[in-house]
Amino acid sequence: MDPDRPYTSQGDVGSVASRDDRVLVLSPGVTLTLGQDALLMSGQLASKPSRSCVPCVGSPGTNGTPDRIPYYNILWAEITGDHRWLLIDYADQKQPHFLQVSNARFAIPGLAVEQTPAGVSDHVAPWVDRLLDLAYGGSARRKRAWVLVNPHAGPGGADKIWENEAKPIFEAARMPMTVVRTTYSGEAVELARDLNIDDYDIAVPCSGDGLPHEVFNGLAKRPDARRALSKIAVCHIPCGSGNALSCNLYGTHRPTLAALGIVKGVLTPLDLVSVTHGNERTISFLSQAVGLIAELDLGTEHLRWMGATRFTCGFLMLALQRKTYPCDIAVKVEIDHKEDVKEHYRRVRTAESTKETLESPKQLPSHANKQFNEASFSASDAVGSDDGLGLPPLKYGTAMDKLPEGWELIPYEKLGSFYCGNMPWMMPDGQFFAAALANDGLMDLIITDGDISPLQNIRLQLGVESGHFFDNPLVSYCKVSAYRIIPRNQESGYISIDGESIPFGPFQAEIHPGLGLALSKRGVFEAPGPLGWDKVITSERLLA
């Protein structure tokens with residue numbers, strides 16, 4: 001039988017199952033079929049109204065009820081306590097970038113209801129379990145969420161976004177939630193530091209990228225930092241200006257789409273970066289910047305009310321100034337040339353795709369009924385067996401130590417931007433680090449010259465949105481594992497760590513492979529990668 005072809009035999013009035021366990025036949029004549037990638041509904045249901053506030057489903061396709069629901073959109077399915085109804089909650093794509101919780105309600109045949117409850121369970125319950133297995137695949141059901149809402153995020157409205165857009169999707173997925181509203185900057189650091197991590201599976205900041213930064217740093221300040229960072233998956237409901245974490249993990253800055261991405265997300269280890277400045281050690285999950293990008297980020301705070309548009313306005317003002325930022329830079333380069341960077345990206349993504357195919361939910365037993373941390377990633381895989389310790393020791397010391405052996409400080413008299421990233425997208429239309437990977441143990445470093453014309457600078461930045469930034473000859477792009485930067489001839493300035501300011505002065509950074517944890521749609525970043533990375537190279541074509 002073709003699994004996508006609806007089962008059309010009506011069977012007996014009292015029948016609740018067919019010989020094919022993918023098919024559930026409900027009286028009088030509604031058939032639910034577990035297709036290849038969606039739940040298929042056909043037939044007709046009696047239109048007798050329900051006495052409850054939950055409407056009955058009529059003929060599939062009428063009154064807004066679809067005749068198919070993608071498994072990815074199914075949030076929950078269950079039999080009511082009186083065994084009379086089968087309920088299915090799903091995220092309905094009402095608009096291109098907006099999901100709304102809807103529900104379908106099907107009467108279970110009266111003959112089965114008149115039998116013992118076990119009679120219903122013998123037929124309907126196994127089908128429901130299989131539906132949930134297909135709906136969740138390698139993602140755990142009912143993840144325990146610690147939700148942080150920053151009412152002042154971005155242009156405001158995070159409370160409304162949480163209550164009206166994200167929360168209903170979490171509730172429909174039957175996710176236990178604890179909701180905390182932050183009241184001042186830095187509070188999430190303290191809350192995450194003191195969190196009982198055994199009570200939760202995921203942390204869900206509702207904000208811009210500032211709150212995820214605080215959560216990562218709060219977990220990093222714990223005595224059991226490695227265990228905490230590898231147990232609590234940090235997610236993101238986008239409510240701010242940049243919303244980079246959501247863009248990279250779920251491929252969207254739309255709150256409802258991100259919420260569904262979290263419900264269905266799979267565990268994904270993340271590289272984190274230690275940034276040392278003075279006597280401080282800050283954890284970075286996103287980026288570090290000096291120069292034009294840092295000033296663009298931190299110097300436009302007064303324009304926050306504009307949302308993401310503030311970055312465009314700020315850039316135009318700075319480009320006209322042709323400002324430069326002299327400094328000395330020492331870098332531990334691991335992959336130097338763009339073609340080698342692209343080849344590294346291709347090799348890693350090809351391996352990830354092969355693994356994804358082999359571990360497809362259609363081929364492997366479902367992880368859905370396992371405990372959250374027994375799913376596809378184990379904490380010890382990323383940080384070693386001593387995960388009860390604090391942060392990993394610094395391999396290269398701090399910015400206050402002697403320069404590591406083999407490092408050489410190179411002067412940059414007319415630096416435009418020093419920009420180092422862990423993720424591709426820095427904002428919805430800003431894929432600066434096209435070759436960035438979630439856990440390849442490397443940072444992506446961009447250096448640009450400040451002594452270029454405003455027109456060249458504008459064209460350079462337009463390439464970020466078009467995808468041509470990586471290949472622009474004005475952009476120096478390499479993969480690194482550590483660096484030190486020392487500003488010169490500047491009394492003050494901006495240093496941006498994940499969009500947050502640190503005191504202006506020398507700082508040093510090094511990567512920690514797979515130290516953090518998140519939920520993503522597919523276990524990889526959603527960015528498309530450098531242009532042409534997936535094309536078969538000539539030598540491979542000749543050898544094929």
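Working only within the stretch 494-509, note down all residues that are in contact (Cβ under 8 Å) with a residue 40 or more places away in the chain and on the phi < 0 side of the Ramachandran plot.
Y494, I495, S496, I497, E500, S501, I502, P503, P506, F507, Q508, A509 - these are the residues of the stretch 494-509 that are in contact (Cβ under 8 Å) with a residue 40 or more places away in the chain and on the phi < 0 side of the Ramachandran plot.
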Self-check item: Among (1) open to solvent by 20 Å² or more (accessible area, probe 1.4 Å); (2) in a strand (DSSP E or B), the one test that A482 misses
Solution: (1)
Exercise. Have a look at L474, L462 and point out the one that is over 30 Å from L267 (Cβ atoms), touching a Leu at 6+ places or on another chain (Cβ under 6 Å) and open to solvent by 60 Å² or more (accessible area, probe 1.4 Å).
Key: L474
Quiz item: Of all residues in the stretch 441-457, which are buried (at least 21 other Cβ atoms within 10 Å of the Cβ) and within 20 Å of the chain's Cα centre (by Cα)?
Solution: L442, M443, D444
Quiz item: When the residues of the stretch 367-399 are filtered to those that are modelled with pLDDT under 95 and open to solvent by 80 Å² or more (accessible area, probe 1.4 Å), which remaining residue is farthest from R488 (Cα to Cα)?
Solution: N369
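Here is a yes/no grid of residues against (1) open to solvent by 10 Å² or more (accessible area, probe 1.4 Å); (2) without any contact (Cβ under 8 Å) to a residue 24 or more places away in the chain; (3) not in a helix (DSSP H, G or I):
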| residue | (1), (2), (3) |
| --- | --- |
| C247 | no, no, no |
| H253 | yes, no, yes |
| L270 | no, no, yes |
| R281 | yes, no, yes |
Practice problem: Tell me which residues, restricted to the stretch 327-350, are within 30 Å of K402 (Cα to Cα) and either open to solvent by less than 50 Å² (accessible area, probe 1.4 Å) or touching a Ser or Thr at 6+ places or on another chain (Cβ under 8 Å) (or both). | Solution: C327, D328, I329, A330, V331, K332, E334, I335, V341
Quiz item: Inside the stretch 229-244, can you point out the residues that are surrounded by 24 or more Cβ atoms within 10 Å (Cβ to Cβ) and not in a loop (DSSP other than H, G, I, E, B)?
Solution: L229, S230, A233, V234, I237, P238, A244
Self-check item: Those residues of the stretch 194-212 which are of a type outside the set (D, E), buried (at least 24 other Cβ atoms within 10 Å of the Cβ) and in a loop (DSSP other than H, G, I, E, B), in sequence order
Solution: G208
Quiz item: Is it fair to say A173 is in contact with a helix residue (DSSP H, G or I) (Cβ under 6 Å, 6 or more places away or on another chain), crowded, with 24+ Cβ neighbours inside 10 Å and under 30 Å from R105 (Cβ atoms)?
Solution: yes
Quiz item: In the stretch 489-526, what count of residues is obtained for those that are open to solvent by less than 70 Å² (accessible area, probe 1.4 Å), assigned to a loop (DSSP other than H, G, I, E, B) and of a type outside the set (S, T, N, Q)?
Solution: 11
Practice problem: Mind listing just one residue for me: the one in the stretch 283-309 that is surrounded by 21 or more Cβ atoms within 10 Å (Cβ to Cβ) and in a helix (DSSP H, G or I) and, of those, modelled with the lowest pLDDT? | Solution: D297
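The values are calculated or read from the model by the stated rules, or taken from the named source; none is laboratory data. Note that the structure is predicted; figures quoted are calculated from it, not measured. When we count neighbours, we look across all protein chains shown, and the Cβ atoms used for this are built from the backbone with ideal geometry, even at glycine. Each accessible area value is taken on the protein alone, full model and side chains, heavy atoms only, with ligands, DNA and RNA left out. Shrake-Rupley method; radii C 1.70, N 1.55, O 1.52, S 1.80 Å.
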